[in-house]
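Nothing in this text is a laboratory measurement; each read-out follows from the coordinates by a stated rule. Because the structure is predicted, anything quoted here is derived from the model rather than measured. All Cβ positions, glycine included, derive from the backbone under ideal geometry; neighbour counts span all protein chains shown.
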Amino acid sequence: MNSLNPEPLLSLDSIPDGGLAEAQATLDGEPESLVLYRDGGSVRAWLNVCPHAGRRLDWAPGQFLKSREGQLVCAAHGASFELQQGTCVAGPCRGDALRAVPVEVRDGQVWLA
């Protein structure tokens, strides 16, 4: 994936540990919305697109639902995704997965890798 982001996506401190955030990035020349998940000092990212129907996962910009089990839940149709690999574990796209976007944490900031 080619990135054109000369600036960090956001600061690590802006995502609570175990929390989700949204960031904008340019991937392959196209603006994209990303879901970022913080796990201690590391961050995982995926396109903010549910593989079931191609809709955004957030119910409002940057506002994500999490189940009691700690899974990301698609606001449109209720698909649930575990946050290690982004695999759909329940709902209409079970067995499918979110499209991962490589990111890294450097100097307290989250960058496209």
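Within 13 Å, Cβ to Cβ, of residue 107, how many net charges do the neighbouring residues add up to if Lys/Arg are +1 and Asp/Glu are -1? Don't jump to the answer; show the numbers that get you there.
Details: positive: 106; negative: 7, 13, 104.
Here the count lands on -2.
How high is the relative contact order of the chain, in percent, counting Cα pairs under 8 Å that sit 6 or more residues apart?
Values: 251 pairs, mean separation 27.4, N = 113.
With pairs under 8 Å counted, the relative contact order is 24 percent.
So what does the Cα-only Debye profile of the range 10-107 read at q = 0.14, 0.17, 0.24, 0.25 Å⁻¹, as log10 I(q)/I(0), no solvent term?
Per q value, in the given order, log10 I(q)/I(0) is -0.46, -0.69, -1.37, -1.47.
Choose one answer from 39, 28, 17: the residue with the largest mean-square fluctuation in a GNM of the chain with alpha-carbon springs under 10 Å.
Of 39, 28, 17, the Gaussian network model singles out 28 as fluctuating most.
Build a GNM of the chain with springs between Cα atoms under 10 Å: which of 24, 71, 84 gets the top mean-square fluctuation?
84
So which chymotrypsin sites (Phe, Trp or Tyr not before Pro) in the range 1-80 are both in a DSSP loop and have at most 16 other Cβ atoms within 10 Å of their Cβ? Mind showing how you got there, number by number?
Values: sites: 37, 46, 59, 64; in loops: 59, 64.
Answer in residue order: 59.
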